[in-house]
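Down below is the structure, laid out as structure tokens.
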């Protein structure tokens with residue numbers, strides 16, 4: 001009888017864990033949607049301002065086209081302004097990234113080390129797809145800036161992901177990602193991102209409008225990304241070919 005009770009308790013425990021894990025995965029997936037993930041086709045305009053030692057270093061205007069098909073993520077980032085960057089593109093296919101420009105026949109792969117610095121690193125932060133690329137290590141309820149949140153601790157599924165661990169705060173009431181901390185393989189905090197949602201898609205569905213990315217390694221360095229004109233669309237997938 002004692003053995004039967006133990007088995008029953010184990011079954012109940014496993015069922016509760018499975019249900020909680022499904023719930024947490026859904027929360028993560030919905031939060032990704034508000035940032036452009038998990039959608040078949042979406043485009044938006046992006047203005048990027050890079051600051052060094054609190055001083056504006058440059059401003060770049062970009063057009064982003066993104067698609068998620070059966071947990072495969074694609075994005076084509078086209079640089080528009082300033083003019084010297086206007087022939088450059090960045091292609092993202094899942095956890096791989098390539099750079100291209102007019103006059104260069106083949107796309108140039110961007111290494112893992114390169115992805116941890118400069119524009120490529122910020123692209124990884126802005127384009128992070130937590131539901132696809134990370135496993136949920138733990139969750140708990142907490143408060144961030146007087147707002148009730150879930151705090152997710154996420155671990156990368158493989159070595160192709162730029163950041164091995166992410167702490168991610170998601171609002172309890174509307175599943176919006178509010179803040180993320182990005183850690184390297186040595187558990188060193190590298191980037192801190194905060195998110196705002198003043199755009200809309202699908203009628204009243206909130207969509208990301210601003211991302212602030214603070215460099216935790218270089219004091220006074222940060223990037224502002226302002227998103228506008230998000231549009232649901234469809235693509236010929238050849239657009240994302242290498």
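See the values below:
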item	result
Extension gain from residue 186 to residue 96, taking 0.36 nm per residue of separation minus the Cα-Cα distance	30.2 nm
Residue 86-residue 173 FRET efficiency (beta carbon distance; Förster radius 30 Å; 0.05 resolution)	0.10
Potential lengthening between residue 72 and residue 147 on full extension [0.36 nm per residue; Cα-Cα distance subtracted]	23.8 nm
Spin-label pair residue 159/residue 228, simplified geometry with 7 Å Cα→Cβ offset, distance in nm	4.3
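Quick note: the coordinates plus some simple rules give every number you see, no bench work behind them. Note that the structure is predicted; figures quoted are calculated from it, not measured. Cβ coordinates were reconstructed from backbone atoms using ideal geometry, including for glycine residues, and neighbour counts include every protein chain displayed.
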